[in-house]
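Each reported figure results from applying straightforward, stated rules to the coordinates on display, with no laboratory input. Please read all numbers here as calculations on a predicted model, not as lab measurements. Virtual Cβ from ideal backbone geometry, glycine too; neighbours counted across all protein chains shown.
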Amino acid sequence: MALQRSRCKLANSLKFLLPRSASYLHSHATSFGFKEVREEEKSKLVGNVFSSVASNYDLMNDLMSIGLHRLWKDRLVTKLCPFPGMKHLDVAGGTGDIAFRVLEHIRSVSRRAMQDGLAETEEQTQIYICDINPNMLNIGKKRAIERGFAEDRYLHWVEGDAEALSFEDESMDGYTIGFGIRNVTHIEKALAEAYRVLKRGGRFLCLELSHVEYPVFKQLYDYYSFSVIPAVGELVAGDRESYQYLVESIRRFPNQDAFGRMIVDAGFQKVEYENLVGGVVAIHSGLKL
């Protein structure tokens, strides 16, 4: 199968037995790929990367994943279980890829509800797309126009920082972040903010490139990552360095279990993850109870 899955539930009872390493988190917080940089430099460097790749972002995602990123995002939204009337926040979602899927899912649910004679609640739906990079948001707004969402009152585009969100406490029913959390300076701050803005019962979901499970596959994946992806980035986007950072940042990101423990430490319960394509990507989820 194209999507090879494995699941691991992380028992909340382990959170006191498996403490975070402060030195590890600090070293990760100051990494830019394989380079060590000052914390105040990282956000600027990452911003430069995404300003550089914004115009080719979707095309490169298709090329690098052979189109699989579309299925991964579909899976993320399926696990979210969007519902009419929900308030949802998609962080690092500038191009709108995940937000559009959430809205389309809600509209599908609404149509079925109306056919069954149930009350219509779609009018209260609010979906916020938050991204720190204005260039990525501009790409998303253009895509919204192309898809007929330009005048959609349900979509709101917000320039903002995952580590310091502008939304009120307990204001969101759902929170997603796709391929974004490994780029923040302090992962633990982004997770704390996700927890803060979610209502009780709200669901956290993170789709991220992760660590491959199988040794033979890992060798092939490493070759593809370090030899092919930067070369394709140079050929298609004229930017080898940004895609070199991409593959390096994946290797510096905590593995599935370590990241799961960080989500538990942020206060989430019922934390689990699902590996896709043998761990090339993972979807982590948790509930605020």
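Here is how the numbers come out for the structure above:
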{"quantity": "Packing rank of 91-97, 247-253, where each peptide gets the mean count of other beta carbons within 10 Å, highest leading", "calculated": "91-97, 247-253"}
{"quantity": "Segment residue 199-residue 272, extension gain: residue separation times 0.36 nm, minus the distance between their alpha carbons", "calculated": "24.4 nm"}
{"quantity": "Inter-part distance where the range 80-111 and the range 170-191 are each reduced to a Cα centre, Å", "calculated": "16 Å"}
{"quantity": "Stokes-Einstein D (µm²/s) once Rh is taken as the Kirkwood radius of the range 136-194 over alpha-carbon pairs, at 37 °C in 0.692 mPa s", "calculated": "247 µm²/s"}
{"quantity": "Loop-located trypsin sites (Lys or Arg not before Pro) in the range 123-210 whose Cβ has at most 13 other Cβ within 10 Å (DSSP)", "calculated": "147, 153"}
{"quantity": "Under the Debye formula (equal points on every Cα, no solvent term), log10 I(q)/I(0) of the range 63-206 at q = 0.12, 0.16 Å⁻¹", "calculated": "-0.47, -0.84"}
{"quantity": "Per-q log10 I(q)/I(0), the range 43-83, q = 0.23, 0.28, 0.34 Å⁻¹ (Debye; single scatterer per alpha-carbon; no solvent)", "calculated": "-0.79, -0.85, -0.99"}
{"quantity": "Whole-number percent relative contact order across the range 64-171, with pairs defined as alpha carbons under 8 Å at least 6 apart", "calculated": "30 percent"}
{"quantity": "Size of electric dipole in the range 139-267: Cβ of Lys, Arg +1 and of Asp, Glu -1, about Cα centre, debye, nearest 20", "calculated": "240 debye"}
{"quantity": "Other-chain or far-sequence residues with amide H under 5 Å of residue 210's (modelled H)", "calculated": "281, 282"}
{"quantity": "Cα shape, the range 149-289, gyration tensor, a/c 1.5 rule", "calculated": "oblate"}
{"quantity": "Global geometry of the range 196-244, whether rounded, prolate or oblate, following the gyration tensor of its Cα atoms and the 1.5 cut on a/c", "calculated": "oblate"}
{"quantity": "Using a Förster distance of 25 Å, the FRET efficiency for residue 145-residue 124 (Cβ separation, nearest 0.05)", "calculated": "0.55"}
